[in-house]
Amino acid sequence: MEKRNELYSGKVKTIYATDDKKKVIMHFRDDATAFDGVKHEKLQRKGMVNNHFNAFIMEKLAAAGVGNHFEKVLNDNDSLVKHLDMLPLECIVRNIAAGSLCRRYGIKEGLELNPPLYELCYKSDELHDPFINECHARAFDWASDEELVVMQQQSIAVNNVLKPLFLEAGMLLVDYKLEFGRFGGEILLGDEFTPDGCRVWDAETREILDKDRFRKDMGDVVESYEIIAKRLGVGI
């Protein structure tokens, strides 16, 4: 599959066109960002780790019936994916209280959330991804009623697959964000699922293993990503 012109460059990934209009190449760079891009560094091996991590997760989800855009890994930093028309929304699932949830509501970090909490954000770095509800999404034509239902159902389906998978590997899937897009009349999971977009703690010690290590200047960011990958059985 030939890589052609650049279509989009985000904070940590670049999307390239291919000779097939229905497919694009997703390139994982070694960039690490936080606070809507205010903090930015290059971390060696990060792109490679996230590319293989994402492939592993997407294949697990597809096998469980969660439709997504992943096609195949092309090399250490590139994957071939379906070309989705992305919706400007982030779907967040929280199993344990952490991060902005605690700051917004004064909730103690570590509180178990049963059932899991589902939230929506409008995807906008300039506006700092404000939290919204389904009424906003419908009023501003960001998604239809049917699409909102599918995204929530699929977000919870992802949790039903991944939460026990992480727990079996000795880790807690604290929370995560997902993005969806339209493809051939379907709503499919897009973007990525990596430690950049989820919180993962050691199940016994509650040691942070995810991107919060970068946010909080804890060090060993990529090394911690590799620990998560190794425990899950990701081939890197």
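Summary of computed values
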quantity	calculated
DSSP-loop chymotrypsin sites (Phe, Trp or Tyr not before Pro) across segment 1-109, with at most 10 other Cβ within 10 angstrom	Phe35
The chain - charge dipole about Cα centre, Lys and Arg +1 at Cβ, Asp and Glu -1, debye rounded to 20	220 debye
Listed pairs Lys82/Lys108; Lys72/Lys230; Lys82/Lys216; Lys108/Lys216; Lys21/Lys216 exceeding 30 Å between Cα atoms	Lys82/Lys108; Lys82/Lys216; Lys21/Lys216
Accessible area per residue in Å² at 1.4 Å probe, computed on the chain	49 Å²
Value of [θ]222 nm, deg cm²/dmol, for the chain, DSSP H segments ≥ 4, -39500 (n - 2.57) each, nearest 500	-9000 deg cm²/dmol
Read-out Kirkwood radius over Cα pairs in Å, derived from the coordinates shown; its label in (1) 19.7; (2) 19.0; (3) 18.2	(3)
Cβ-defined net charge surrounding Asp19, 10 Å radius [Lys, Arg +1; Asp, Glu -1]	+2
Accessible area of the chain belonging to carbon and sulfur atoms, whole % at 1.4 Å probe	50 percent
P(r) weight above 18 Å for segment 1-123, C-alpha pairs, percent	65 percent
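The values are calculated or read from the model by the stated rules, or taken from the named source; none is laboratory data. The shown structure was predicted, so the numbers you read here are calculated from the model rather than taken from an experiment. For neighbour counting, all protein chains shown are included, and Cβ atoms are generated from backbone atoms with ideal geometry for every residue, glycine included. Note: areas computed on protein heavy atoms with side chains; ligands, DNA, RNA excluded. Shrake-Rupley method; radii C 1.70, N 1.55, O 1.52, S 1.80 Å.
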